[in-house]
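For reference, the structure is listed below as structure tokens.
The values are calculated or read from the model by the stated rules, or taken from the named source; none is laboratory data. Note that the coordinates shown come from a computational prediction; the quantities given were computed from them, not determined experimentally. For neighbour counting, all protein chains shown are included, and Cβ atoms are generated from backbone atoms with ideal geometry for every residue, glycine included. Accessible surface is based on the protein model in full, side chains and every heavy atom, while ligands, DNA and RNA are left aside. Shrake-Rupley method; radii C 1.70, N 1.55, O 1.52, S 1.80 Å.
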Amino acid sequence: VDFGHEYRPNICVNDATMVPLEPFPLLALLQRIYENNAIAGLSIIDLRDASMFMASRLRGSYNVPLKYLVTRMFLLPDRATPLALVVAGPPSRQMVRGATLAGGSKDDIQLTAFLATRGWQVALCIEATAELWRVAGEIGVLEEGGCALSLKRRWPFQPSKLLVQQIGLIEQLLVKMRIQPASEGQIATDWTARGSLPGSADGAQRVEDIHEVNTCHVPNITMRMLDVGCGSGRDLSWLATRSSVVRVVNRVVDPIPCADASHGRATDVKVIWECVGLDSWHGALQRAAEVLALGDVPPGPAGVILHLVQIGPGTGQLRPLPLPIGTAKADKLQLLRRYLAGTEDHGQRALCNIVGPPSDFASSRWSKAIGSGRKGQDAGEGGRNECVDASALGRFDLLVSVRFLERSFLPIMARLLNPGGVILISTFVDGPGLRAFGRPQGREHVLQRDELATCFFGPEQGFEVLRDDIEAISDGREVSMFCALKHAIV
């Protein structure tokens, strides 16, 4: 469809059906998208080159250049979210080059047809013209210029819903625990009373103690997060680039060096996250490395470290895996090496630094395992490597596990968590929706109701359960929404 002053697009209305509308002007189109000053259920994907996107764009849009669409589809939002596309030329002429067809052949496919074959709904497609920017400017939905780094880190995907809902309260809790460790019980009680626990989608926004301030002179507190089964790194990258400030009232002598830090006065503290990710599939970690590199997230202690390991099964131990030979592009492997623990770029030195420091036993075990992995790789072998104790990873303030379950590792996760730390688990739970969908199958991949609180992270194990409910995702399957606090004294 060619777009000029008037369009005949398909618009996704409230019932998520594609309803053709009569031609109408740009003003009506943009007003429909930004209904009530908010994007009306769409994700706006700008497929122009990054330089064009940096210069001008629709408010709240995301950049995935068309020439990289095939290799970066993992950046797109879930398929339940309709897409509004912004393109550099006439929409009917936008082609996806080298798309894989049924049977494995490659060909050029028109953009909207390509996305439809991959399961996404394209609600509308707009050509980026001077008229579009003029009308967008008139109604206040035009963005121009801005911080290049912030725009690079504006990703189309969403992290785990559980993480988004709870992170503001988690940061407030952790900062207060770090500054006022004696008040753990009161903090947990306050969180449960004031927070967004079951069913609140806007919890992070409702926490008044988390706010935007000039951070030039704000002291930092660094927290560590472990993502077990991190996949393509959506939660890792989102948290590693998050910028938030927590305001606390000093009831004790404040260990944070700040001019305003005095008894009874409020102190602003910036929270910085160091993130570690575990996964057994090198392809997922390659995607994670690509996401991190696109956002200029540093590798190593100041940013993110990835581990290519197999967890268990049955033992909960970590077995380092060698990188594949001849099955991946050299540039993608090289990018992964930047973030991968035990490689030449930062390797064991970075691991030792971030755990600060690990025991000699754990350090030597990890070095030995990584070394044996390298030997297998250099020899072109994928042989079995020696297992490593998970304690070599160090201790963490936040543990996250989404769509992953290895029961033998759950007690180990509890030991890796610092006193006063928080654990978030959102994975599949047995229920009618999951049974109807048909997978995952087998008890080893599916939680039972109340299992986490009863068997792993309940009062008997030294935890306070802050949230334990079940929600259905877009395909109807049930997932846990579980959050627990580890007591300071067990």
In segment 59-92, what residues are assigned to a strand (DSSP E or B) and closer than 14 Å to residue 124 by Cα? 83, 84, 85, 86, 87
Elements of type strands (runs of 3 or more DSSP E) contained in segment 93-161, each with 1 or more residues being among the small types (Gly, Ala, Ser) and out of contact with any helix residue (DSSP H, G or I) (no Cβ under 7 Å at 6 or more places or on another chain): 95-100, 122-127
Which of the numbered conditions does residue 81 fail, given that it passes all the others? Conditions: (1) open to solvent by less than 50 Å² (accessible area, probe 1.4 Å); (2) out of contact with any Leu (no Cβ under 8 Å at 6 or more places or on another chain). (2)
Taking the residues in segment 232-248 that are modelled with pLDDT under 90 and open to solvent by 20 Å² or more (accessible area, probe 1.4 Å) as candidates, determine which candidate is farthest from residue 269 (Cα to Cα). 243
What's the total number of residues in segment 386-408 that are among the aromatic types (Phe, Trp, Tyr) and crowded, with 23+ Cβ neighbours inside 10 Å? 1
Report yes if some residue within segment 126-148 is modelled with pLDDT of 90 or more, open to solvent by 60 Å² or more (accessible area, probe 1.4 Å) and within 26 Å of the chain's Cα centre (by Cα); otherwise report no. yes
Can you list residue pairs whose Cβ atoms sit under 6 Å apart, with the first residue in segment 138-154 being of a type in the set (Asp, Glu) and the second being surrounded by 11 or more Cβ atoms within 10 Å (Cβ to Cβ) and outside any loop (DSSP other than H, G, I, E, B)? Count only pairs 6 or more apart in sequence or on different chains. 143/57; 144/56
So in segment 149-173, with the set limited to residues that are touching a Pro at 6+ places or on another chain (Cβ under 7 Å) and of a type outside the set (Phe, Trp, Tyr), which one is least open to solvent (accessible area, probe 1.4 Å)? 156
Going residue by residue through segment 456-468, is there one that turns out to be closer than 21 Å to residue 230 by Cα and at pLDDT 95 or above? yes
Which of the residues that make up segment 35-57 are within 17 Å of residue 122 (Cα to Cα) and in a strand (DSSP E or B)? 43, 44, 45, 46
Boolean, residue 229 is open to solvent by 10 Å² or more (accessible area, probe 1.4 Å), on the phi > 0 side of the Ramachandran plot and at pLDDT 95 or above: yes
Is there any pair linking a residue in segment 41-57 that is touching a residue at least 12 places away in the same chain (Cβ under 8 Å) and open to solvent by 50 Å² or more (accessible area, probe 1.4 Å) to one that is among the acidic types (Asp, Glu) and assigned to a strand (DSSP E or B), with Cβ under 9 Å and at least six apart or on different chains, and which? 52/46; 55/144
If we keep just the residues of segment 457-482 that are within 19 Å of the chain's Cα centre (by Cα) and open to solvent by less than 10 Å² (accessible area, probe 1.4 Å), which is nearest to residue 419 (Cα to Cα)? 482
Which of the residues that make up segment 62-79 are under 20 Å from residue 160 (Cα atoms) and not charged (D, E, K, R)? 62, 73, 74, 75, 76, 77
Could you count how many residues in segment 58-76 are out of contact with any Asp or Glu (no Cβ under 6 Å at 6 or more places or on another chain) and under 13 Å from residue 156 (Cα atoms)? 9
Qualifying position, being over 17 Å from residue 32 (Cα atoms), out of contact with any Lys or Arg (no Cβ under 8 Å at 6 or more places or on another chain) and among the β-branched types (Val, Ile, Thr), among 87, 96, 64: 96
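Yes/no matrix, rows are residues, columns are (1) modelled with pLDDT of 95 or more; (2) of a type in the set (Val, Ile, Thr); (3) in contact with a strand residue (DSSP E or B) (Cβ under 7 Å, 6 or more places away or on another chain):
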residue: 412; (1), (2), (3): yes, yes, no
residue: 423; (1), (2), (3): yes, yes, yes
residue: 441; (1), (2), (3): no, no, no
residue: 444; (1), (2), (3): no, no, no
residue: 453; (1), (2), (3): yes, no, yes
residue: 488; (1), (2), (3): no, no, yes
